[in-house]
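A.B. asks: Sharing a structure here in structure tokens format.
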Amino acid sequence: MSKYLNTIFLSIGLKPIVTRYRVHSLLKCNYSLNPEKCHSNSDNQNENDLIKIKRQRLLKIAIIGVPNAGKSSIINSIVQRNICPYSCKVHTTRSSVRAVRTVDDTQLVFLDTPGLVDSTEITKYNLEKTFANDSVNSIEEADIIGVIHDVSNRFTRNRLDPKVLRLLHLYPNKDSFLVLNKIDLLKSKSYLLDLARSLTCYKHHNIHIPKPYTTTSEKIVHERSKIQERKLEKTVKQSIGWENFKDVFMVSAIHSLGSSDIEDYLLQKSKPSPWMFSKDVLTDKEDYKLVLHMIDSILYDYLPNEVPYNLEVEMEYYEVSQEGNIHIVVLIHCNTPRIEKLVMGKKGSRIRNIAKKAEQHLRNLFLTDVFLKMVVTDKPKNSVQHRTDNLS
């Protein structure tokens, strides 16, 4: 196998080899293009299976927020696996991802969306046009909205972003909750409480604070009429928070602090409904796409400035061995020789460090040995014959 992989590694430009349907057995991603129809015909199920389905509960959660607020980190903390890519740079999440957490009879489906952006950011970062609509589509599908707010940013923490407020005003009848993330960077409990009250327009709510910050919670139920579209922009400009949040959570996603409170809350909010996925499924993404997203996030962390936004990562080879190990070769397409040199680093040191880090992250994701080779080239992606896109 190693000799074969080395042959592929040295023969970039030849017909790539990608295994489409062979997926890793530990992740068990038996995906359905239509998750709502994932259950087989009831005629093929015995009475016990039918009883289990009747007991099933489901909750779909749309997670929204500005770029780098920690949306993916919070989801990963709850599902206990790094399904959603994240990095220190903005726009690591480039498309919507479903992450699944199943506890007993209840299934939580998290709809991780790219950070809310405007047309200027879409152009600046060469983002997909779907960015503008991904959050709206997720909210329409979801049962509840989770707003992630970064309290570590002193320039923006005192008010909710206008793009977030606009979505909340467009869907005032959807239940929502607020998550104040990165509280480990703020040690003042009184300041956090004041901030929570301010962002909820000084209404009383359940405020969930993890043990290092424990305090007494408060609760009240309130209603608000729907804002007409023509008044929306003016209303958003005059607002700093949202009074209809049902609950407020303070967490530090990177330390998994407070995420269990969110999980318990969402499990209680679930409703009787058949599951969207089988019990052992963790995401709706194919394994090779998870690999590409993970590598993207590592590139964002290790490469300077705008460099990672000008790269294209392509799967050249993907195979799961009989032992369950995963062998991968990916191409890193650079648009200029200068970018290629930056990615390679001195004598290839940077790309070796990136590959080593990515390999470790993939081992933690798939819970098995992963062998990864990364090939950097200044050839445009469309100059190499490939069939990867046909796998979508």
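A.B. asks: Per-residue counts of other Cβ atoms within 10 Å, averaged by peptide: what ranking do you get for 260-272, 336-348, highest first?
C.D. replies: Working: 260-272: 15.8, 336-348: 14.0.
Peptide ranking by packing, descending: 260-272, 336-348.
A.B. asks: Restricting to bridges with both residues inside the range 287-378, how much of the DSSP beta-bridge set is antiparallel, in percent to the nearest 5? Before the final figure, lay out each step's value.
C.D. replies: On the way: 9 of 17 bridges.
Just about 55 percent of them are antiparallel.
A.B. asks: A follow-up question, please. Report, in listed order, any pair from 341/373; 71/269; 189/211; 347/379; 71/203; 237/269 with a Cα-Cα distance greater than 22 Å.
C.D. replies: Details: 341/373 18 Å; 71/269 20 Å; 189/211 11 Å; 347/379 20 Å; 71/203 25 Å; 237/269 31 Å.
Violating the 22 Å Cα-Cα cut-off are 71/203; 237/269.
A.B. asks: What ranking do 285-298, 146-159 get when scored by the average of other Cβ atoms within 10 Å per residue, highest first?
C.D. replies: Numbers: 285-298: 21.9, 146-159: 17.9.
Ranking, from highest mean packing down: 285-298, 146-159.
A.B. asks: Could you give each residue of the range 363-376 its phi-based ³J(HN,Hα) in whole Hz, using Karplus coefficients 6.51, -1.76, 1.60 with θ = phi - 60°, and x for Gly or Pro?
C.D. replies: 5, 5, 6, 8, 6, 7, 6, 10, 10, 10, 10, 10, 10, 9
A.B. asks: If amide H atoms are built 1.01 Å from N in the plane of the peptide, which residues on other chains or at least 5 residues away come under 5 Å of the amide H of residue 283?
C.D. replies: Residues meeting the criterion, in which the H sits 1.01 Å from N, are 100.
A.B. asks: For the range 287-378, place one equal point scatterer on every Cα, skip the solvent, and apply the Debye formula. What is log10 of I(q)/I(0) at q = 0.18, 0.24 Å⁻¹?
C.D. replies: Those come out to -0.74, -1.25, one per q.
A.B. asks: How much area per residue is accessible in the range 261-343 when the probe is 1.4 Å and only protein heavy atoms are counted (Å²)? Walk me through the intermediate numbers first.
C.D. replies: Values: 3210 Å² over 83 residues.
Accessible area per residue: 39 Å².
A.B. asks: Determine ³J(HN,Hα), in whole Hz, for all residues of the range 231-247 in sequence, where each value follows from phi through the Karplus function 6.51 cos²θ - 1.76 cosθ + 1.60 and θ = phi - 60°; x replaces Gly and Pro.
C.D. replies: Residue by residue, the range 231-247 yields 9, 5, 4, 5, 5, 4, 5, 8, 9, 10, x, 9, 7, 8, 4, 6, 8 Hz.
A.B. asks: Within the accessible area of the range 287-378, what % is carbon and sulfur when the probe is 1.4 Å and the other protein chains stay in place? Each step should come with its number before you reach the end.
C.D. replies: Details: 1770 of 3880 Å².
The nonpolar share, carbon plus sulfur, comes to 46 percent.
A.B. asks: Residue by residue through the range 56-73, which ³J(HN,Hα) values in whole Hz follow from phi under the Karplus form 6.51 cos²θ - 1.76 cosθ + 1.60 (θ = phi - 60°), with glycine and proline marked x?
C.D. replies: 5, 10, 9, 9, 9, 10, 8, 9, 10, x, 6, x, 6, 6, x, 4, 5, 5
A.B. asks: Skipping prolines and chain starts, which residues have an amide H placed within reach, meaning under 5 Å, of the one on residue 144, given they are 5 or more residues away or on another chain?
C.D. replies: Answer set, sorted by chain and number: 60, 62.
A.B. asks: Here is a further query. Given charges of +1 on the Cβ of Lys and Arg and -1 on the Cβ of Asp and Glu, with all other atoms neutral, how large is the dipole of the range 233-361 about its Cα centre, in debye to the nearest 20? Could the numbers behind the result be given before it?
C.D. replies: Values: 16 positive and 20 negative charges, 114 e Å.
For the range 233-361, the charge dipole is close to 540 debye.
A.B. asks: Where the only charges are on Cβ atoms (+1 Lys, Arg; -1 Asp, Glu), what is the dipole of the range 287-378 about its Cα centre, to the nearest 20 debye?
C.D. replies: Dipole of the range 287-378, to the nearest 20 debye: 540 debye.
The values are calculated or read from the model by the stated rules, or taken from the named source; none is laboratory data. Just so it is clear, the structure is predicted and the values come from calculations on it, not from any experiment. Reconstructed Cβ throughout: ideal geometry from the backbone, glycine too, with neighbour counts over all protein chains shown. Surface areas here come from the heavy atoms of the whole protein model, side chains and all, with no ligands, DNA or RNA. Shrake-Rupley method; radii C 1.70, N 1.55, O 1.52, S 1.80 Å.
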